[in-house]
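Contents: one structure, followed by commentary.
The values are calculated or read from the model by the stated rules, or taken from the named source; none is laboratory data. Small disclaimer: the values here were computed from a predicted structure and weren't measured. Positions of Cβ are generated from backbone atoms using ideal geometry, with glycine treated the same way; all protein chains shown enter the neighbour counts. Side chains are part of the model used for accessible areas, which takes the heavy atoms of the whole protein and leaves out ligands, DNA and RNA. Shrake-Rupley method; radii C 1.70, N 1.55, O 1.52, S 1.80 Å.
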Amino acid sequence: MKKFLKGFTYAFNGLKYAAVTQLNFRVHLVAMLTAITLGLYFHLSANEWCWLAFAIAFVLITELLNTAIEILVDLVSPGYNIKAGHIKDVSAAAVLLSAIFAVVVGGIIFIPKLFF
Ligand SMILES: Nc1ncnc2c1ncn2[C@@H]1O[C@H](COP(=O)(O)OP(=O)(O)OP(=O)(O)O)[C@@H](O)[C@H]1O
């Protein structure tokens with residue numbers, strides 16, 4: 001049980017590290033809070049909450065994995081290496097795609113409620 005709880009501590013340390021060191025992660029957290037606030041205000045349906053929760057989790061998870069990959073690349077390849085650059089670029093592209101997906105989901109849910 002102690003070991004199980006320690007696993008949570010490590011995971012929270014990872015979240016804290018990402019929040020402290022990564023501006024993008026903080027931006028995503030603010031976007032998440034904004035989306036949740038709007039969701040509460042507009043009384044979203046269960047289906048809409050599911051899509052929103054999925055989009056939010058998807059972005060945060062890809063950002064966390066991107067951060068882990070950046071750290072790993074810097075660890076194994078501290079100097080300039082074209083492949084290290086490609087790895088970071090591809091990893092960043094995954095975050096970009098997930099963010100576009102979240103914007104599309106947010107748009108589908110909120111644009112009709114905000115403007116029509
Ligand atoms: N070791 C390297 N060798 C070659 N190119 C690199 C290397 N490290 C970074 N790059 C290039 O520079 C870009 C930015 O890298 P960097 O590590 O600053 O990422 P970042 O997303 O700005 O990270 P952070 O969120 O820590 O600021 C990468 O996407 C990659 O194209």
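Table for the structure above
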| quantity | calculated |
| --- | --- |
| Search result, residues across region 44-54 that are open to solvent by 60 Å² or more (accessible area, probe 1.4 Å) and either in contact (Cβ under 8 Å) with a residue 12 or more places away in the chain or within 13 Å of the ligand (Cβ to nearest atom) (or both) | TRP51, PHE54 |
| PHE110, sole failed condition from (1) touching a Phe, Trp or Tyr at 6+ places or on another chain (Cβ under 8 Å); (2) surrounded by fewer than 17 Cβ atoms within 10 Å (Cβ to Cβ); (3) under 23 Å from ARG26 (Cα atoms) | (2) |
| Long-range neighbours under 6 Å by Cβ, at least six apart or interchain, first residue among the aromatic types (Phe, Trp, Tyr) within region 55-83, second away from the ligand (no atom under 11 Å from the Cβ) | PHE58/SER98 |
| Pairs, first within 11 Å of the ligand (Cβ to nearest atom) in region 21-35, second open to solvent by 80 Å² or more (accessible area, probe 1.4 Å), C-beta under 7 Å, six or more apart | none |
| Verdict on THR62 being farther than 26 Å from PHE115 by Cα and more than 9 Å from the chain's Cα centre (by Cα) | no |
| Single residue of TYR10, TYR17, TYR80, TYR41 found to be of a type in the set (Phe, Trp, Tyr), exposed (fewer than 14 other Cβ atoms within 10 Å of the Cβ) and within 16 Å of the ligand (Cβ to nearest atom) | TYR80 |
| Any hit, region 84-96, residues being farther than 18 Å from ALA11 by Cβ, free of Cβ contacts under 8 Å to residues at least 40 places away in the same chain, of a type outside the set (Val, Ile, Thr) and more than 10 Å from the ligand (Cβ to nearest atom) | yes |
